[in-house]
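K.L.:
Pasting a structure below so you can have a look.
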Amino acid sequence: MALEKAHSVNKKMTFGENRDLKQVVSSPASTGKIKRVNVNFDEEKHIRFKAACARKGTSITDVINQLVDGWLKDNE
């Protein structure tokens, strides 16, 4: 039986206990590596998002990358 995790909408971002925040923030902007990020959506939102991407001929990954790029531009 799988345990369900409670996902907090306002969970504060942290780096692992063995990671130095100063090193993470000051690291090179791009290493060329691709990193996987898991995002939790409720099922209805996921279906709507996936369908909208399909209608537009794009991927969820491309849309999320564009959104993150915009957010970083405004917040770094």
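The values are calculated or read from the model by the stated rules, or taken from the named source; none is laboratory data. Since the structure is predicted, the reported quantities are computational estimates derived from the model, not experimental observations. As a convention, Cβ positions derive from the backbone with ideal geometry for all residues, glycine included, and neighbour counts pool all protein chains shown. Accessible surface areas use protein heavy atoms only, side chains included; no ligands, DNA or RNA. Shrake-Rupley method; radii C 1.70, N 1.55, O 1.52, S 1.80 Å.
K.L.:
To the nearest 0.05, what FRET efficiency results for Trp71 and Lys22 with a Förster distance of 30 Å applied to their C-beta separation?
P.N.:
Efficiency, from the Cβ-Cβ distance: 0.85.
K.L.:
Sticking with this one: How about Lys12: which lysines have a C-alpha closer than 22 Å to its C-alpha, ignoring those fewer than 8 places off in the same chain?
P.N.:
List returned: Lys22, Lys35, Lys73.
K.L.:
Once phi is turned into θ = phi - 60°, what whole-Hz ³J(HN,Hα) does the Karplus curve with 6.51, -1.76 and 1.60 give for every residue of the range 65-76, x standing for Gly and Pro?
P.N.:
Result, rounded to whole Hz: 4, 5, 5, 5, 4, x, 5, 5, 4, 7, 10, 8.
K.L.:
With a 1.4 Å probe and all protein chains in place, put Val37, Val63 in order of accessible area, largest first.
P.N.:
The residues order as Val37, Val63, largest area first.
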